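Only one structure is covered here, and it is reproduced in the block below.
The values are calculated or read from the model by the stated rules, or taken from the named source; none is laboratory data. Because the structure is predicted, anything quoted here is derived from the model rather than measured. Every residue, glycine among them, receives a Cβ derived from its backbone with ideal geometry; neighbour counts consider all protein chains shown. All accessible areas refer to the heavy atoms of the entire protein, side chains included, with ligands and DNA or RNA removed. Shrake-Rupley method; radii C 1.70, N 1.55, O 1.52, S 1.80 Å.
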Amino acid sequence: VQLQASGGGLVQPGGPLRLSCSVTGVITSVFNSADAGWYRQGPGGQRDLVATFSGRATNYADSVKGRFTISRDSARKRLYLQMNSLKPEDTAVYYCHGNYAGYTYWGQGTLVTVSS
């Protein structure tokens, strides 16, 4: 199983950005039912939950509720994180994550920088 994150970059405050995570090595039913999502690690060094699927339910950090939306494409086996109204404090390395068939996997991280 491999997770490949992409879509990071430099964006101005208030702007949007969409992250994508390609998941390979799992069958569709496992992909659809897995706990999976996004975490981020800022300058402080702690990796925090941003948005995740728990089965079909979604969970968001309070700091991103109403601005970020997590979704997944079963046909492409991709996770997405649509980020709107970005703030400088959203600057971090974003990691996709998934629990597939009893194991935990992480993508390599993609840097998001919010700055004018």
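Annotations for the structure displayed:
- Qualifying strands (runs of 3 or more DSSP E) (wholly inside the stretch 18-116; at least 3 residues being open to solvent by less than 40 Å² (accessible area, probe 1.4 Å), at pLDDT 95 or above and not β-branched (V, I, T)): 35-41, 78-83, 92-100
- Of the candidates G15, G98, the single residue that is in contact with a Phe, Trp or Tyr (Cβ under 7 Å, 6 or more places away or on another chain) and touching a residue at least 24 places away in the same chain (Cβ under 8 Å) is G98.
- Answer residue from the stretch 1-17, given it is assigned to a strand (DSSP E or B) and small (G, A, S) and is farthest from the chain's Cα centre (by Cα) among those: G9
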